[in-house]
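Data block below; observations after.
The values are calculated or read from the model by the stated rules, or taken from the named source; none is laboratory data. Keep in mind that what you see is a predicted model, and the values were worked out from it rather than measured. Surface areas here come from the heavy atoms of the whole protein model, side chains and all, with no ligands, DNA or RNA. Shrake-Rupley method; radii C 1.70, N 1.55, O 1.52, S 1.80 Å.
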Amino acid sequence: RVNGKTLGALAIIAMLFAIIGWQSLERRLADPRNIYGRLATWKTATKIALENPFLGVGLGNYTTYFQQNYVGQDRLRESVLDARASASPHSNLLWIASELGLAASVLYLLANVYIFLAGFRAFKRARSDGERRAAACYLAIAVAYLIPGLTLASGAYSDLNLYFFFLLGLLMNA
């Protein structure tokens, strides 16, 4: 059940989002150059991963490789409909594939599948409402971590990864 305090907190959060984030959100979602830039970035990251399929360009070397091979006086930066690619892959999967190789990206995908399967199994096996809620929170946190990773290289942030796995570990024992 939702009580008055919860509704009040949600209303305050919604108002803050509306006041602070609306202009930024509108600018990011309404500007087609943002979409084209993201597509150009993913296209470039895919090229880099395919140019270096076994070991990638090395952990932390994406920007350097991008600058050396896709930006310069005689080379044009990759673009889609005149929107340029970013010097970061903007996707966890493409980040891992380009820096560590395709085998590492397969391991990354398998790890994510395992995380979700563990959550689904916990939800299915739950015997009480508390266990069911913990499993649902586990799945929600996994989804909340996965979604930004589709459009950002959020996995590169060690603190975010530590929080993520810490919370999942807590919830698996709940």
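Computed quantities for the displayed model
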item: Sequence of R38, R121, R127 from largest to smallest accessible area, 1.4 Å probe; result: R127, R121, R38
item: Solvent-accessible surface (1.4 angstrom probe) belonging to S88, in square angstrom, nearest 10; result: 40 Å²
item: Gained length - K47 relative to I147, 0.36 nm times residue gap less alpha-carbon distance; result: 33.7 nm
item: Under-5 Å amide H pairs with A83, H placed in peptide plane, nonlocal only; result: none
item: Three-way shape call for the range 132-171 based on the alpha-carbon gyration tensor, with the a/c threshold at 1.5; result: oblate
